[in-house]
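Down below is the structure, laid out as structure tokens.
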Amino acid sequence: MNIKKVLTMDYKNKTLSGPGKNEPKTNPIKANTNPIKANIMPKQTQYEPKQTQFQTKCTLCEFFLFSTFLCPKYNLPMQNWTIQKLLNWTTEYFAEKGIDAPRLSAELLLSHVLAMERIELYTQFDKPVDKEQLDRLHDLVKRAGQHEPICYLTGRTEFYSLQLEVSPDCMIPRPETELLVERAIEFLRTRAGTQFVCDLCTGCACIAVAIAKNSPDAKIIATDICDAALNVAANNIEKHRLKDRIKLICGDLFEPIVPQLDVEKFDLIVCNPPYVSAAEFEKLDKNVKDYEPRLALFAGVDGLDVYRRIIDKADRFLKPDGALILEIGYAQGPAIKDLLEKAETFVEIKIEKDFHDNDRIVTALRKSL
Ligand SMILES: C[S@@+](CC[C@H](N)C(=O)[O-])C[C@H]1O[C@@H](n2cnc3c(N)ncnc32)[C@H](O)[C@@H]1O
């Protein structure tokens, strides 16, 4: 990958210069139970059908039929395959395969294939599904059964109540990262005038887009070392009409940012970097380890490589009293606090826990002059 490749990419053309209740707020389908990288997703239980004896028997029959559906040579009359039957069979299949939130996963795939909102599935339960749609569903269900993330199969996810495009080139945004966004928006509210924000390791630009949508005076520079991820970011920025407020640059952390040309110093630097250690990487769930980009996850033997480099340079890019807000791994709080204290340029260092009571967000202010 050419770190310095900046100007020729499509995403450049797409950005301009200048600096929900029964359901979780974000899409839980990216869920994994691994407490490592952004990390532990809430287990979705509300969609799991409670099994009665009768239902268990039906389920076995349905599972037989479903196996038939999964066989490439299936040849059942089309009118047999209604939305309701497919939802039930797919849910059962996913449960058997140990897929998180099987009902929700089934709904997301089916609504994707049928180009419907999930709610519409319930209003059209008896609608037959045609052969072409059934073929597409068949392929996606099989892949999901092999633990390919549903978000990659549908190409979209929800973050901070925003619909975003994702692809296997970028990590799937996690609900935990919304806490970082929340703190960033709160901080920006305390600053008057235009606020200059730097989002390092932007991926699909979930953080930048969520901040820009909620902080109308923020101008954001977002960097990532992976230009394929930045193409996805550009699509999200365009979709949310933020091209005039978010500029994408490809490169290694701060390296592509040219002070004076881009912006002299930032009010706020945010980053959700790769932070998985070598030992943790081996323990990641299959849906993460085999499908999400290693570049987005792995950060050296102790998982702190990228933090060291950010903390080493952050004060040069931050205004006095500016803030650094980082997402961190569940066990990294003390180590990151130590790194920030040793830098001797930060005050008010705070580690915050996520909704699973794991260390997740660190905030620190650059000393005033
Ligand atoms: C954990 S993902 C975060 C993506 C997104 N910000 C989010 O919160 O979902 C880390 C991102 O950092 C990028 N990355 C890894 N090393 C980098 C580096 N040295 N400089 C810039 N970006 C880097 C990866 O390509 C990946 O998109």
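Read the figures in this text as sums done on the coordinates, not as results from a lab. What you are looking at is a predicted structure, and each value in this text was computed from that prediction instead of being measured. Cβ coordinates were reconstructed from backbone atoms using ideal geometry, including for glycine residues, and neighbour counts include every protein chain displayed.
Here are the numbers:
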read-out	value
Where labels lie 7 Å past Cα in the beta-carbon direction, separation of THR194 and GLU117 in nm	3.8 nm
Karplus 3J(HN,Hα) series, Hz, for the range 289-304 with 6.51 cos²θ - 1.76 cosθ + 1.60 (x for Gly, Pro)	4, 8, 10, 7, x, 4, 4, 7, 10, 7, 9, x, 4, 9, x, 9
Extension reserve of the ARG294-ARG316 stretch, reckoned as 0.36 nm per residue once the Cα distance is removed	5.0 nm
Rel. contact order, % - alpha carbon contacts under 8 angstrom, at least six apart, the range 252-338	42 percent
Under the Karplus curve 6.51 cos²θ - 1.76 cosθ + 1.60, θ = phi - 60°, whole-Hz ³J(HN,Hα) for the range 135-140, x wherever Gly or Pro sits	5, 5, 4, 3, 5, 5
Extension gain, GLU264 back to ALA279 (0.36 nm per residue minus Cα-Cα distance, nm)	1.5 nm
Peptides 253-261, 199-207 ordered by average Cβ neighbours within 10 Å, highest first	199-207, 253-261
20 Å Cα-Cα threshold exceeded, pairs from LYS213/LYS353; LYS213/LYS319; LYS97/LYS289; LYS243/LYS319; LYS97/LYS142; LYS213/LYS265	LYS213/LYS353; LYS213/LYS319; LYS243/LYS319; LYS213/LYS265
Distance between modelled label sites at ASP139 and GLU96, nm, 7 Å Cα→Cβ extension	2.3 nm
Cβ-Cβ FRET estimate between HIS356 and ASP302, R0 fixed at 22 Å, reported to 0.05	0.50
Sites GLN163 and ASN80 - FRET efficiency at Förster radius 25 Å, r taken between beta-carbons, to 0.05	0.15
Zone residues, the range 200-224, relative to GLU255, backbone N less than 14 Å from point 7 Å out along Cα-to-Cβ	201, 223-224
Convex hull of the range 187-318 built on C-alpha atoms - directionally averaged projected area, nm²	8.4 nm²
Long-range amide H partners of ILE221 with built H, under 5 Å	VAL197, CYS198, ASP199, LYS247
Stretchable slack from GLU341 to GLU186, in nm (0.36 nm times residue separation minus alpha-carbon distance)	53.5 nm
HN-Hα J in Hz across the range 180-186 - Karplus 6.51, -1.76, 1.60, θ = phi - 60°, x for Gly and Pro	4, 4, 4, 5, 5, 5, 4
Sparse-neighbour loop sites [GluC sites (Glu not before Pro); the range 272-369; at most 13 other C-beta within 10 Å; DSSP]	GLU344
